[in-house]
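Chemist: So that we are looking at the same thing, I have put the structure below in structure tokens.
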Amino acid sequence: MRIKNFTIFTAIIAIFALAIPQNTYSQVYQLENPGFEDWPGAEDSEPTGWNSYPSANCTIPLGIGCGTAKQARHKRSTDVRSGATGNYSCKIYSTGALGVIANGALTSGQMQLASINTSSADNGNRTLQNDNEFNHRLNAKPDSIVFWAKVVNHSNTSQACCHLYIHDNFNLQDPLGGNTDSNYKNHIIGMVPSYNFANNGSTWQRHSTPIRYDGDTCRSTNAPEYILITFSTNYIAMGGDSGDELYIDDIEFIYNANLSSITVNGTNIPNFNQNTTDYYVDVPCGSTNYISATTASPRASYSTNLSADGKTATITVTHGDKSKTYIVHYRSVITNQISDEICKGDSYSQNGFTLPIQNNAGIFNFSNSISLANGCDSVVELSLNVHNTYYTNVDLTICESATYNFFGQELNQAGTYQHLLTSQHGCDSTISLNLMIDDHYQVNIPEHICEGGEEYHNYGFDIDYSEIANRTDNIIFDTLFFAAGTVGNTCDSIVVLRLEVGRIDDIELTDSIEVDSDYNGYGFEIATITTAGEYTYVNTFINEDGCDSIVTLTLKVLPKPVTPEPEPTPEIVTFDIFPNPTSTGQITVRANYDITKDIYEYMIYNEFGKFMGNGIINSQDTTIDVSQYSSGYYYLKVFVGDTLKAQRKRKAIKFMVAN
């Protein structure tokens, strides 16, 4: 630790230090006093390892204004970020006089005050390689710098800044234009020429910026020896306002000691993650393995070490004050791929595998590893084909005097018999015979056709639909029974065809909607119709019997109801019913005239003339409940106090209920 107070004891040590070669010093990776915890005196003393205006070299001609220029613009502060481990930060601030702003600044070198023009390049900060009070040693190449800062500037657009130059044995000055040696670039190794940052709510913020080691400015190929770093309240000389403040704390150089990839025998380890440090890699048994890696930072280095048994390779990454270790475990294997097959319901215990009963057919993959005496692992990859097995159930009836040859076994007793057959894959297929004894030999066959002309020609039957169109014995699902021929047994053999005849529906529907409406009913989807009238649509559906159903829809598009001017009652009032057919349990009877002045009576009959009910119609639209009616056709007749002759002329309205 460097301190500002130079004592007699320090002088004695300095005399002995003259005998030590100039460039001999220990490895340095971080700044001295990066958290500003060390202060040699009062709060406005310069923090250990850092310099500001009071220690500046003022060479202004005749010393004009040096006293004012060297006034302190920094102080020790207890304002620290949340989570900080220290108690202090360093506060720097700007001052102003006669409209001239002096930026608050803090540097690792020595401030040079050479001109009363504060923006002159002669004013700056300089590393003094022969004066340890005004230089910071750094003989490494960090990847980035991280620091915490709090900016409290009067303007939210005003920006504070950080400058950084890593250089060799040379008295470098920042700004670079103040260097009198034109070859100064040949001494610069890395840099952050200007990292600027604003208020951001005047709260503590973490800042990070990479350090550049390329470009025309960084020409030196020498080893790094010093770092010149500067913080200022404004990135522009004389910029900002008087009273702008910048708090600095916890400065750290970052050295990336991660790997970006590991290669074994010329192949990258898949799914590599720099935060995962253990990997397992399969290698051929007895092989000599080669390992290499790529560091995430081009300035990092690594070394490898192989364990005595050859099973583990260790990669140690070193960069600055950071190191990280990755371990690669070699698994020496001999891989054998085999295929085998079993039947569903069998277990498998071969080739080193012990598998339970396989209840599903298909191809399944299994893997097994066996440690061999030579330290290698034998990996067997099994592709197991599980073949299906089959079970067939047969119902058979023979007559009492007959026998049945069941795979060489003559059977004449009722019962259940089984026989095993072997498939082409060697798996059992079971045939189960349920043998019944009767006075005839009977086979039942279920089949299906659609009505309306379809023919059936199977199992010895030749049936035309016309032969069964008028049959009345289709009791169950329109099922018909036919007997055909005999066989060589001593009793009749009957083949019973259970023929399910599905109906083909030809349905005519009538429905009504108002003009400017679309229609979505009975499977029809009809776009908006804008003109009143009567329209016909045809669609084909598959009914529940699997046969075609042709539906013809007559759609009456009615004009919207209006309230006409009073006019004489027409000689004959007509009525319409909608929806027709209805599946909602209701119908609406609409008159073609406002009949509120008269009372009409309606009566409903079914298609056999049975009286179903009656009621009163006394408005233009009357709703009638038909939810208790069975599906079928019905007739509605409207009566008014007219003559019997007029009533007979009035036509009944047919409608359909599809509940």
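The values are calculated or read from the model by the stated rules, or taken from the named source; none is laboratory data. Since the model is a prediction, treat every value here as computed from it, not as a measurement. Glycine also receives a Cβ, built like all others from the backbone with ideal geometry; neighbour counts cover every protein chain displayed. The accessibility values were calculated without ligands, DNA or RNA, using every heavy atom of the protein model including side chains. Shrake-Rupley method; radii C 1.70, N 1.55, O 1.52, S 1.80 Å.
Chemist: Among the residues that make up the stretch 254-266, is at least one of them open to solvent by less than 50 Å² (accessible area, probe 1.4 Å), over 29 Å from Y29 (Cβ atoms) and not polar (S, T, N, Q)?
Modeler: yes
Chemist: Are there any pairs, at least 6 apart or on different chains, whose C-beta atoms fall under 8 Å, with the first in the stretch 375-404 and free of Cβ contacts under 8 Å to residues at least 24 places away in the same chain and the second open to solvent by less than 40 Å² (accessible area, probe 1.4 Å) and of a type in the set (A, V, I, L, M, F, W, C), and if so, which?
Modeler: Correct list of pairs: T403/L411.
Chemist: Please specify each residue of the stretch 282-305 satisfying the condition of being among the hydrophobic types (A, V, I, L, M, F, W, C), farther than 17 Å from G266 by Cα and either modelled with pLDDT under 95 or part of a strand (DSSP E or B) (or both).
Modeler: None - no residue of the stretch 282-305 is among the hydrophobic types (A, V, I, L, M, F, W, C), farther than 17 Å from G266 by Cα and either modelled with pLDDT under 95 or part of a strand (DSSP E or B) (or both), so the list stays empty.
Chemist: Would you say S208 is of a type in the set (S, T, Y), more than 25 Å from Y255 (Cβ to Cβ) and surrounded by fewer than 20 Cβ atoms within 10 Å (Cβ to Cβ)?
Modeler: no
Chemist: Residues T118, T157: which one is more than 22 Å from N57 (Cβ to Cβ), open to solvent by 40 Å² or more (accessible area, probe 1.4 Å), at pLDDT below 95 and part of a loop (DSSP other than H, G, I, E, B)?
Modeler: The conditions single out T157.
A quick yes/no check of all residues on (1) open to solvent by less than 20 Å² (accessible area, probe 1.4 Å); (2) more than 30 Å from Y29 (Cβ to Cβ); (3) among the aromatic types (F, W, Y):
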{"position": "G345", "(1), (2), (3)": "no, yes, no"}
{"position": "L396", "(1), (2), (3)": "yes, yes, no"}
{"position": "F406", "(1), (2), (3)": "yes, yes, yes"}
{"position": "T422", "(1), (2), (3)": "no, yes, no"}
{"position": "H425", "(1), (2), (3)": "no, yes, no"}
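Chemist: Being touching a strand residue (DSSP E or B) at 6+ places or on another chain (Cβ under 7 Å) and assigned to a loop (DSSP other than H, G, I, E, B) is the filter here, so list the residues in the stretch 87-100 that pass it.
Modeler: Listed by number, the residues that qualify are Y88, S94.
Chemist: Inside the stretch 506-520, can you point out the residues that are open to solvent by 30 Å² or more (accessible area, probe 1.4 Å) and under 51 Å from the mean Cα position of the chain (by Cα)?
Modeler: E514, D516, S517, D518, N520
Chemist: Same structure again: Can you run down the residue pairs with Cβ atoms below 9 Å, 6 or more apart or on separate chains, where the first is in the stretch 554-577 and farther than 22 Å from K654 by Cβ and the partner is surrounded by fewer than 11 Cβ atoms within 10 Å (Cβ to Cβ) and at pLDDT below 85?
Modeler: Hits for this filter: T569/K597.
Chemist: Please work out which residue is least open to solvent (accessible area, probe 1.4 Å), limiting yourself to the stretch 126-144 and to residues that are within 27 Å of K322 (Cα to Cα) and among the basic types (K, R).
Modeler: Among those residues, the one meeting the criterion is R137.
Chemist: Go through the stretch 46-78 residue by residue and tally those that are at pLDDT 90 or above, surrounded by 14 or more Cβ atoms within 10 Å (Cβ to Cβ) and part of a loop (DSSP other than H, G, I, E, B).
Modeler: The total comes to 10.
Chemist: Among residues belonging to the stretch 408-420 that are open to solvent by less than 60 Å² (accessible area, probe 1.4 Å) and within 60 Å of the chain's Cα centre (by Cα), point out the one that is farthest from I437 (Cα to Cα).
Modeler: Of everything passing the filter in the stretch 408-420, H419 is farthest from I437 (Cα to Cα).
Chemist: Got a sec? Which strands (runs of 3 or more DSSP E) wholly within the stretch 577-638 have at least 3 residues that are open to solvent by 40 Å² or more (accessible area, probe 1.4 Å) and either under 27 Å from T552 (Cβ atoms) or of a type outside the set (S, T, N, Q) (or both)?
Modeler: Passing ranges, in order: 600-606, 611-617, 621-625.
Chemist: Now a separate question. Kindly provide the set of residues from the stretch 306-334 that are assigned to a strand (DSSP E or B), more than 36 Å from the chain's Cα centre (by Cα) and not small (G, A, S), ordered by number.
Modeler: Within the stretch 306-334, L306, T312, T314, T316, T318, H319, K322, V333, I334 qualify.
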